[in-house]
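Taken together, the values in this text are just the output of simple stated rules run on the coordinates, not laboratory data. Since the model is a prediction, treat every value here as computed from it, not as a measurement. Cβ atoms come from the backbone with ideal geometry, glycine included; neighbour counts cover every protein chain shown.
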Amino acid sequence: MKNSERESPLSFGDGQGVRHTFKKSERLSKEKWIQELFEKGSSFYLYPFKVIHQPHPDPTLPHQVLITVSSRQFKKAVDRNLIKRRIREAYRIQKHVLTIKPTIVFAIIYTAKEILPFAEMKAKILIALTKLNNFSAPVRGEA
RNA sequence: GCUGCAAGCCGGCUUAUCGUCCCGAUCCCGAUAUUUAUCGGGAUCGGGAAGGAAAGUCCGGGCAACACAGAGCAUCGUACUUCCUAACAGGAAGGUGUCACGCUUAAGGGCGUGAUAACAGACAGUGCCACAGAAAACAAACUACCUUAACCGAUCGUGCAUCGGACAAGGAAAAGGUGAAAAGGUGGAGUAAGAGCCCACCGCCUUGAUGGUGACAUCAGGGGCAUGGUAAACCUUACGAGUUGAAAGGCCAAAUAGGUCGCACUCACGAAAGUGAUUAGCUGCUCGCUAAUAGCGCAAGCUGGUGUGAUUGGGUAGGCUGCUUGAACCUUACGGUGACGCAAGGUCUAGAUAAAUGAUAAGCACUUCUUCCGAGUAAUCGGCAGCAGAACAGAACCCGGCUUACAGGCUUGCAUUUUUU
RNA sequence: GGUUCCGUGGCCGAGUGGCUAGGCUGAGCUCUGCAAAAGCUCCUACAGCGGUUCGAAUCCGCUCGGAACCU
């Protein structure tokens, strides 16, 4: 029981009793990997986000995400914090949608010029995650 | 009661579900070595988690590394005085100037209240002061004024006459106009006309006395106007400043390349290209691919090469530390006009690192407007309900200031106005 | 996190305290049968606020915006 949990910490088989956590290990924080992701990763736009994704360099780790808001677009740190918090919350609640087996790293870049309400962000994040699900797997298969 | 100004303070709260970071306790799992310990991960419980400006980075310090005999020059900064302070371009108290208002004087001026000032020096030197104006700085003299001598014209009173014009020599700087600024001001005396030439008051310069820690003030004497503005122009004087910033500094330390030591191999054919073989590596094995098979010596062996194992220095990726107990905060007493100091008691109050407290729902409190009800003569106030709103803004090593942004609320003081007495 | 610099018409860009040059673009006119070229005229400016000065694009302070560098 415990062993299986350890092998796949993000086990979301039936969805019953799943804890919607968002720990530090699920965030992309290695500078080297970030560089690699932005140089080699494939991307798509889905207003108000741009998503860059890539197979995980270390497949034993869970999915890792990077959320970023340009300081060019939003000059005040308070606004950037608010947007990042809303994106983080939307991902935390809906990340069980992401079910592809080899884990990936991806970045969510906020590209809109104004601050959108939480409900809209939540819906868009759901669409983005299902899209990631669909065409991340074939890319891995071809390679 | 309302409104405004100034100073000081505050800068939403509660509950539910889910979730983030840090600390502590208990438990579980994995790795390493010796019962137990270290490291990593997780669960449960408990506790804590952004500001008055966290901002701008405009000043000043702490802390850290490096540099450093002493003195001078250069560069940069500061600039009324005294004090506060770890320090400051900050603050407190005072001085002086300017402006406004009021009172007063015949006027010049004096006194009071408030605001405000980058408020050292322009008789150390250099530069600049456009246009206008005669002249913009050791004064000079355009118009106008006055005197003297001679000339010309007009008049009638026929004179050393009066009026006008032009020229020359001289006097003087009062009047005019220009300008941001024109060479002390006002009044008098004086004169051919005038002038600090002289007089009174004021201003200025200077000497002395008294008071004050000092800036400076007051009084007395002398000078006789000599001293335009500009130092946020160069500059002078006095004082201060070593450089770089936590991405500083310290510790640990993969991979790759390097050093040292050990072990294995370093052959055959061919003119050469190449072929085979051996060794080593990649692979579970074969195939295949890659690398080496060189020099000296009779030989042992030595040097070199390839592969591999161990070890080692520097230290990259990365991690840990620096990191939050501090010129700390609160209360009270005492000293000081005050900034502030000091004593006693109490408190522990963020520590993230692609960077944290947030999402959803409900309620309370607050503000504006509207309807209704109540109180009051009225200005206005209170209550129920509804709609809308709710600022500026996010720690990045830490403090002290300054500046800038800010919905709304509270306290104190002052002022205007309204109502009642 | 820190350091340095810049901001002048629609665009480029000169201007060391005294009327803000010049070029490109745009509009109009002249010339031409029409156009091009040329010539003439016009439009639109010192990032904002405050101070020093008689006078500020220039000197000083604050604010806003932009760029580069350190890593």
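The charge dipole of segment A:21-138, taken about its Cα centre with unit charges on the Cβ of Lys, Arg, Asp and Glu (plus for the first two, minus for the last two), comes to roughly 360 debye.
Once the Cβ-Cβ distance of A:K30 and A:S70 is raised to the sixth power relative to R0 = 22 Å, the FRET efficiency obtained is 0.55. Stretching the chain fully between A:L82 and A:E120 yields a gain of 12.2 nm (0.36 nm per residue, less the alpha carbon separation). Just check segment A:21-138 against the gyration tensor rule for me: Cα atoms, a ≥ b ≥ c as the square roots of the eigenvalues, rounded for a/c under 1.5, and otherwise prolate or oblate depending on whether a/b exceeds b/c. Verdict is prolate for segment A:21-138.
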